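The values are calculated or read from the model by the stated rules, or taken from the named source; none is laboratory data. Keep in mind that what you see is a predicted model, and the values were worked out from it rather than measured. Every residue, glycine as well, gets a Cβ built from its backbone with ideal geometry; the counts of neighbours run over all protein chains shown. Accessible surface areas use protein heavy atoms only, side chains included; no ligands, DNA or RNA. Shrake-Rupley method; radii C 1.70, N 1.55, O 1.52, S 1.80 Å.
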Amino acid sequence: MNCYEHTIITKHDVPDSQNKKLVDKYEEIIKKNSGKIIKIENWGIRSFARKINNNRKGFYYHFKLEGVAKTIQELEKAENIDTKLVRFLTVKVKKHDLETVFFENKDVNEN
């Protein structure tokens, strides 16, 4: 199995309960397709450098997972049609760094 890091950005106006359901949905897709979740990090709401699809902010969720090519294909197929997502990115890594916290949960209500 390969190691991957996967980040999704949801729209900033999506309620926390909906965000939790989205994370659970994608976690289930990973598990159903021979994948294994190592860690899920909630990076909180962050501002974008420029507008993306008329959004200036978004909630970031970062998954560290192991899986095969089919795992990533099915995950990204589901994300392509999800209207609550702004962006997503998958990167293949050699091994997971579980000690470093790159972003702490940052809930900022900026205008």
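Where residues in the range 1-37 are open to solvent by 60 Å² or more (accessible area, probe 1.4 Å) and in a strand (DSSP E or B), which of them is nearest to ARG87 (Cα to Cα)?
LYS11
So how many residues does the range 42-54 have that are open to solvent by 20 Å² or more (accessible area, probe 1.4 Å) and either closer than 18 Å to LYS77 by Cβ or not aliphatic (A, V, I, L, M) (or both)?
Matching residues across the range 42-54 total 9.
Can you name every residue in the range 31-63 that is farther than 13 Å from ILE8 by Cα and aliphatic (A, V, I, L, M)?
ILE37, ILE38, ALA49, ILE52
Name the single residue, out of those in the range 83-100 being more than 28 Å from ARG50 (Cα to Cα) and basic (Lys, Arg), that is most open to solvent (accessible area, probe 1.4 Å). Give the derivation first.
The initial filter retains those residues of the range 83-100 that are more than 28 Å from ARG50 (Cα to Cα), namely 94-99.
Imposing the further condition that a residue be basic (Lys, Arg) reduces the set to 94-95.
On the way: LYS94: 200, LYS95: 160 Å².
This residue is LYS94.
Do you know which residues across the range 32-53 are farther than 19 Å from LYS95 by Cα, out of contact with any helix residue (DSSP H, G or I) (no Cβ under 6 Å at 6 or more places or on another chain) and free of Cβ contacts under 8 Å to residues at least 60 places away in the same chain?
The answer is LYS32, PHE48, ALA49, ARG50, LYS51, ILE52, ASN53.
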